[in-house]
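Here the structure comes first, spelled out in structure tokens, and everything after it is commentary.
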Amino acid sequence: MDIEKVKSLMQEMTRCGLSELEWEGEGVKLKLKRETAAADRDFIPMTTSVTGDPSMSTVGQDHAASNQKAAELNGAAKDELIDEASITVVKSPVIGVFYAAASPEAKPYIEVGQKVKKGDVLCIIEAMKLMNEVLSEVDGEILKILVSDGEKVEYGQPLIKIG
Amino acid sequence: MDILKSVLTALENHTGEWISGGKLADQFDVSRNTIWRAMNNLIAAGYPIESVTGRGYRLSSGKDVLSETGIKLNLKRPDAYEFDCRGTVDSTNRILKELARDGAPSGTVIVADSQLKGRGRFGRTFHSPPGTGIYFSFLLRPEAYHVPVNILPAIAAVATSEGIREVFGIKNGIKWVNDIYIDDRKVAGILTEAEIDLETGSQAYVVVGIGINVYAPLQSFPEEIKNIAGTVLDGEPRPNGRNRLIAAILNKWDYYSAVENIDECSRLFRERSILKGRDVQVTIGRTTYPASVIDCDDKFQLIVEQIDGTRQILSCGEVTLSL
């Protein structure tokens, strides 16, 4: 890999706010990581397509620069990043009240860090006494729960991030 | 089925009285053997029918046995529903949701004589003792309804209210959204649960669970609901009462959930509302405020007025009567 290629990779990383990149030869082993600015404490690890070839080559990085750039990123670019990294944002399918558990005494359906499988119940949204169980579309880990128990939510409002 | 229904109707019309097989055979223009077979079928379905040589048959009074035959005989569309009548279960909703996930079709109905873990909203228990109540859940797939899914619980309330009126002739009211009240006591509750498929953004299925205190329980209601729970009837059980009520509610459901009858359904829902003009506490998630109820709108939503005069149209959350 020549120096120009490394430079262009670094530029691309900065554009996306990435703080780490591991890359292997043409058999492809890729690891991308973004550490966001301190103000936004959500840590979103991202790992993509890991396969084959053990030959290693690492690319240098500049945390300070990328973090600063990350802070400057606009919302659109962030969304794009999320899509690229296959994070699923569960949005409310209806207007209603968000419930994290089947009853006030019960354990919540999910907690941050918990692994979920496709088809697992994530939460309930109540509207006109219709208790809608929202199921996970994907296998993954709960990264963030964006609303709290008993909160009124709008149609399309992001509820949960799964990665 | 027709002869079964005719025979059952004749027995019910003369509950506690003897009717001879020969007389029934003449009346329905069938053989005595056909009457005999019909009686055996009814007995097999759980009907308390006695037979004495020389006197004939009679339906014992004071008993109300749940049975699939008894329900189907009173259904307008018996082929639209598939019943599974059980004795004691944990929760009819829970069983039906499991069947739904395994692909059970629309119209699957679970009926139980009692529930060990009858559930109300948010995991609250629904007291479901044996022999005196109705606990049933029916399954709807999206192709089975053509009205907005979030009005299904309100339609179930109207169907239940109308069913009770038709079968027992008893006036009752609806407390928004889907509780049935008689004289300020709750006699029936409904828990409607759906599963949302995020890929389509719509419901994969809806389970409507209805629990009704038809007769006074053998032991009195538990302490915590003693002052709020009531029963539809005071006296002794009526033969076939629960079967007829389940059938009537499903018949009413078929009628009121039809698109062309939604206006009528909404009008009844408003008329039956016990909340109009009353002071309530509105609870939406963790927010609570006092208000007075103005009316329901034609979308089955509740219009309330806060103390400062601001009006809110409620489509979620719940209200409790301020006593």
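Observations, loosely collected:
- Normalised convex hull volume, region B:279-321, alpha-carbon set, Å³ per residue: 60
- Gaussian network model of chain B, Cα within-10 Å springs - most flexible of B:GLY163, B:GLY62, B:GLY285: B:GLY285
- Dipole of region B:2-59, positive direction: furthest Cα of B:VAL7, B:SER51, B:ALA25, with charges on the beta-carbon: B:SER51
- Accessible area buried between chains A and B, both sides summed, probe 1.4 Å, in Å² to nearest 100: 2600
- The slack in the chain from B:LYS186 to B:ARG124, taken as 0.36 nm per residue of separation less the alpha-carbon distance, amounts to 20.9 nm.
- Top positive-direction residue, dipole computed over the protein assembly as shown with Cβ charges, set B:LEU66, B:ASN261, A:GLY96: B:LEU66
- Three-way shape label, region B:68-272, alpha-carbon gyration tensor, a/c 1.5: rounded
- Straight-line cross-link partners of A:LYS152 among the aspartates and glutamates, defined as a Cα under 14 Å from its Cα and at least 8 positions apart when in the same chain: A:GLU126, B:GLU318.
- Largest to smallest accessible area among B:LEU116, B:LEU245 [probe 1.4 Å]: B:LEU116, B:LEU245
- Percentage relative contact order, region B:279-321, counting C-alpha pairs under 8 Å, at least six apart: 39
- Computed over region B:68-272, relative contact order equals 23 percent, with contacts defined as Cα pairs under 8 Å that lie 6+ residues apart.
- Report summary: the helix-based calculation at 222 nm, which adds -39500 (n - 2.57) for every DSSP H run with n ≥ 4 and divides by the residues of chain B, gives -8500 deg cm²/dmol.
- Cα-based reach from A:LYS7 at 17 Å (exclusive), listing lysines while leaving out same-chain residues under 8 positions away: A:LYS69
- Split the accessible area of region B:241-323 by element, probe 1.4 Å, and carbon with sulfur accounts for 47%.
- Highest GNM mean-square fluctuation among B:ASP184, B:ASP279, B:ASP29, for chain B modelled with Cα contacts below 10 Å: B:ASP29.
- This model, with +1 at the C-beta of Lys and Arg and -1 at the C-beta of Asp and Glu, gives the protein assembly as shown a dipole about its Cα centre of some 1740 debye.
- Residues whose amide H lies under 5 Å from that of B:ARG86, counting only those 5 or more places away or on a different chain, are B:VAL111, B:ALA112, B:ASP113; hydrogens are built 1.01 Å from N in the peptide plane.
- Links that overshoot a 25 Å alpha carbon limit, given the list B:LYS171/B:LYS226; B:LYS63/B:LYS175; A:LYS144/B:LYS299; A:LYS115/B:LYS117; B:LYS171/B:LYS252: B:LYS63/B:LYS175; A:LYS144/B:LYS299; A:LYS115/B:LYS117
- Note on B:CYS85: accessible area approximately 50 square angstrom, rounded to 10, probe 1.4 Å, nucleic acids and ligands left out.
The values are calculated or read from the model by the stated rules, or taken from the named source; none is laboratory data. Bear in mind that the values here come from a model prediction, so they are computed numbers and not experimental data. Counting neighbours? That spans all protein chains shown, and the Cβs are built from the backbone with ideal geometry, glycine included. Surface accessibility is based on the protein's heavy atoms, side chains included, excluding ligands, DNA and RNA. Shrake-Rupley method; radii C 1.70, N 1.55, O 1.52, S 1.80 Å.
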